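The values are calculated or read from the model by the stated rules, or taken from the named source; none is laboratory data. Everything numeric in this text was worked out from a predicted model, so none of it was measured. Ideal geometry is used to build each Cβ from the backbone, glycine not excepted, and the neighbour counts take in all protein chains shown.
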Amino acid sequence: MSAIRLLVLGAVRQHGRAHGYQVRNDLEYWGAHEWSTAKPGSIYHALKQMAKQSLLRAHDIAPSTAGGPPRTEYELTEAGEREFQTLVRDALVRHDGKIDELTAGVGFLVDLPRGEAISLLKERVAALEGWRAEVLRHWSPPKGAPDAPDAPDQWGHIGEIMKLWIHSAESGAEWARGLIERLEAGEYVMLGEGVRSLDVLPDGVENPYTKRKSADGQDH
């Protein structure tokens, strides 16, 4: 899957209709340019590509007062909505996906029903536990060597790779279990549970990704 596709579809979806600058502004406000490939060029490219693929519908609106070309607004088609839903679900389930894909999926977690989100995360935990068990099975330490987790020491520095995989599986499963517990306890407003704010941060919390102006009026 592609994190940029999910991010762009999700940003357009939240507005109903949005032009490229709005999408870019949202993703930068979310800090996506720091943890994904959501840079200006890739955002506009994704919008145009997904319009060609009939995932987005393009609308040309009135040109700017400065005499520029018409601004294009985009909205999700039915196919785009299906793609968005598929990408969110895949991001939450796949234990071997990239971190930017998982991050994007968690960002749109609340667009799923609570029960489904919990079910998907439980699938993720099971997959991570299965991966950990598979790594342990295939260590094949020398006869008489101690059992895992010390067995990788028999492999020299290559054993560090196995330790990394196991650590990633364990920490990833621990995080997912914690999120499951919070969802089961009623945290967050999920799909179908009422109106929720689209703000990324709570009131009074400064966004580190937005520009701040100093007393002299300059951006910093």
Checklist outcome for this item: Given (1) of a type outside the set (Val, Ile, Thr); (2) exposed (fewer than 11 other Cβ atoms within 10 Å of the Cβ); (3) more than 30 Å from residue 34 (Cβ to Cβ); (4) modelled with pLDDT of 65 or more, residue 204 misses just (3)
Checklist entry - Among the residues of region 23-37, is there at least one that is among the small types (Gly, Ala, Ser), crowded, with 22+ Cβ neighbours inside 10 Å and not assigned by TED's automatic domain parsing to the domain that holds residue 172? => result yes
Next on the checklist: Given the criteria modelled with pLDDT of 65 or more and part of a loop (DSSP other than H, G, I, E, B), does residue 197 qualify?
Outcome noted: yes
Checklist entry - helices (runs of 4 or more DSSP H) wholly in region 1-82 with at least 3 residues that are of a type in the set (D, E, K, R) - which ones? => result 20-29
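I want to confirm something. Restricting to region 88-131 and keeping residues that are hydrophobic (A, V, I, L, M, F, W, C) and outside any helix (DSSP H, G or I), which single residue is nearest to the chain's Cα centre (by Cα)?
Going through the qualifying residues, I end up with 108.
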